[in-house]
1. Go through the residues of segment 60-75 one by one and say whether even a single one is more than 23 Å from residue 222 (Cβ to Cβ), within 16 Å of the ligand (Cβ to nearest atom) and charged (D, E, K, R).
2. So the check is Cβ under 6 Å with 6+ separation or different chains; which pairs have a first residue in segment 33-55 that's over 21 Å from residue 17 (Cα atoms) and in the same structural domain as residue 22 (by TED's automatic domain parsing) and a second one that's part of a loop (DSSP other than H, G, I, E, B) and away from the ligand (no atom under 13 Å from the Cβ)?
3. Among the residues that make up segment 118-126, is at least one of them outside the structural domain of residue 56 (by TED's automatic domain parsing) and part of a loop (DSSP other than H, G, I, E, B)?
4. Suppose the filter is among the aliphatic types (A, V, I, L, M), more than 11 Å from the ligand (Cβ to nearest atom) and assigned to a strand (DSSP E or B); does residue 28 pass it?
5. Can you give me the ranges of the strands (runs of 3 or more DSSP E) entirely in segment 181-235 with at least 2 residues that are assigned by TED's automatic domain parsing to the domain that holds residue 51 and surrounded by fewer than 17 Cβ atoms within 10 Å (Cβ to Cβ)?
6. Within segment 31-59, restricting attention to residues that are more than 11 Å from the ligand (Cβ to nearest atom) and part of a loop (DSSP other than H, G, I, E, B), which residue is nearest to residue 211 (Cα to Cα)?
7. Does segment 5-21 include one or more residues that are buried (at least 22 other Cβ atoms within 10 Å of the Cβ), outside any loop (DSSP other than H, G, I, E, B), in the same structural domain as residue 144 (by TED's automatic domain parsing) and not polar (S, T, N, Q)?
8. Looking only at segment 82-114, which residues are farther than 23 Å from residue 194 by Cα and loosely packed, with under 14 Cβ neighbours inside 10 Å?
Amino acid sequence: QISERSILQVRGVTKRFGGLQALAGVDLDVREGEIFGLVGPNGSGKTTLINVISGFYPLTSGTITLDGAEIGRDPAHEIARRGVARTYQIPRPFVNMTVLDNVALCATFGGPARSQAEIRDEAMHWIGFTGLGGKEDVLPAGLNLHERKFLELARALAARPKLLLLDEVLSGLNPTEIDNAIRLVRAIRAQGATIIFVEHLMRAVVELSDRVAVLNEGKLFALGAPREVMRDPRVVSIYLGK
Ligand code: ADP
């Protein structure tokens, strides 16, 4: 259920890389339980926003508040400890660890200390949930792209996030895999997580998002219900202009 309460507040966030302003003063509120789509032309700052929310990059100025606590200056591991998990556009598993160990390691981050057996059970649960059953003992190099993407999801889920940040999990997947991923994202939300996802595939943005934010040149350009936003002539024109 989507509550009226905002779980994440982004205020005046800027991010500079040398002379380049990747984020130029972004204000956003994400509601608890919401699936929030983040779209925009290439280079508009979508991944950078995910990177500053997750603490992967320090922000240049502004504030980010999670559940009332200011996290904008916290390191990534502290933000993860507060319940924020993310996936990467290019999957980043531990290459020398099996699928099971990759997921189990993330399960040790979530919640209170537990026994090895409990952690293993939880990892197996998420492996099954993401359709990777049977691949427990495989190394990431032995997975295809779709399985690597779903391993990213299993790892993020094992951390039991309250806020999950997904960066283009659907890119490179075939239509059947995309449908599976969409079902998975809905199931993750049904378990109580709030989700922010960056996506190019408009069908998925419209099907999944409760609300969509459009970034353009590091600024919030449009915000609202996906069907209205994606039909907005101003939004169409920034896509066609690139
Ligand atoms: P999007 O995800 O919308 O395609 P990005 O957030 O990746 O856009 O990039 C926004 C801008 O910031 C781009 O101009 C990009 O080249 C720049 N940028 C992103 N990450 C870095 C970085 N680590 N170093 C320098 N410039 C970066």
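The values are calculated or read from the model by the stated rules, or taken from the named source; none is laboratory data. These numbers were taken from a predicted model, which means no experiment stands behind them. Because the Cβ atoms are built from the backbone with ideal geometry, glycine has one as well, and the counts that use them run over all protein chains shown.
1. The answer is no, given that none of the residues of segment 60-75 is more than 23 Å from residue 222 (Cβ to Cβ), within 16 Å of the ligand (Cβ to nearest atom) and charged (D, E, K, R).
2. Pairs that qualify, where the first residue is over 21 Å from residue 17 (Cα atoms) and in the same structural domain as residue 22 (by TED's automatic domain parsing) and the partner is part of a loop (DSSP other than H, G, I, E, B) and away from the ligand (no atom under 13 Å from the Cβ), are 33/1; 33/2; 33/3; 34/2; 34/210; 35/209; 35/210; 37/209.
3. We begin by selecting, within segment 118-126, every residue outside the structural domain of residue 56 (by TED's automatic domain parsing); these are 118-126.
After this cut, where a residue has to be part of a loop (DSSP other than H, G, I, E, B) as well, the list is none.
Among the residues of segment 118-126, not one is outside the structural domain of residue 56 (by TED's automatic domain parsing) and part of a loop (DSSP other than H, G, I, E, B), which makes the answer no.
4. Values: among the aliphatic types (A, V, I, L, M): yes; more than 11 Å from the ligand (Cβ to nearest atom): yes; assigned to a strand (DSSP E or B): yes.
When the stated conditions are applied, residue 28 passes them.
5. By residue number, 219-224.
6. Initially, segment 31-59 is screened for residues more than 11 Å from the ligand (Cβ to nearest atom), giving 31-37, 53-55, 58-59.
From what's left, part of a loop (DSSP other than H, G, I, E, B): 32-34, 54-55, 58-59.
Working: 32: 12, 33: 12, 34: 8, 54: 20, 55: 23, 58: 26, 59: 24 Å.
Restricting to residues being more than 11 Å from the ligand (Cβ to nearest atom) and part of a loop (DSSP other than H, G, I, E, B), the top hit is 34.
7. The answer is no; no qualifying residue exists.
8. 94, 95, 96, 113, listed by residue number.
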